[in-house]
Amino acid sequence: MACSSAGFDLTPIDAGKRAEMARGLSAEVRHVLFEHGTEPPFCGGLLHEKGDGTFVCVLCSLPLFRSTAKFESGTGWPSFRESYAPDHLREIRDASHGMIRTEIRCARCDSHLGHVFPDGPAPTGLRYCLNSAALRFERAA
């Protein structure tokens, strides 16, 4: 088992298990996760979530962002200044749509989550811009 810096299993999920896990997901969620889709701005169900808890990958439940790292970016998508743990995300150069961006994917199941930009608040200066469809919010107990 490959453990993350935060103690979570990062063993990659094979294609068969991934397909099985995705069986109950909506077409919109599958489009975002597997086809690198983007939900329309200001439409995501987690945009205004302000509770105390953790945002996890909707497919494999790996913790991705703490609610304390969420901020209002005005972009129309949930935004975070730092990840739960750096090794819970994979960064990939994305040259689609006539621009260079950094795509972020779940480190365990390889699902597309969104992008990270260097225009966020201190102290990191990063803005992780996420699709609500790629996340599930788990309230703190």
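Charge tally around G53: other residues with Cβ under 12 Å, Lys/Arg +1 each, Asp/Glu -1 each, net +2. Annotation note: GluC sites (Glu not before Pro) in the range 71-141 located in DSSP loop regions with a Cβ neighbour count of at most 13 within 10 Å are E72.
Ignoring the sites themselves, what is the longest stretch of the chain with no trypsin sites (Lys or Arg not before Pro) in a DSSP loop and at most 13 other beta-carbon atoms within 10 Å? All intermediate terms of the calculation are to be shown ahead of the outcome.
Working: sites that count: R23, K50.
That gives 51-141 as the longest site-free run.
Just to confirm a number: summing +1 for Lys and Arg and -1 for Asp and Glu over residues other than E35 whose beta-carbon lies under 15 angstrom from that of E35, what do you get? Spell out each step's value before the answer.
Details: positive: R18, R30, R105; negative: E28, E39, D94, E103, D110.
Result for the neighbourhood of E35: -2.
The range 35-104: D in µm²/s via Stokes-Einstein (Kirkwood Rh, Cα pairs, 20 °C, 1.002 mPa s)? Estimated via Stokes-Einstein, D reaches 159 µm²/s. Charge tally for P121 (other residues, Cβ to Cβ under 14 Å; Lys, Arg +1; Asp, Glu -1): 0.
Values quoted throughout were computed directly from the atomic coordinates according to the rules given, and no laboratory measurement underlies them. Everything quoted here is computed from the prediction, not taken from an experiment. Here the Cβ is made from the backbone with ideal geometry for all residues, glycine too, and neighbour counts use every protein chain on show.
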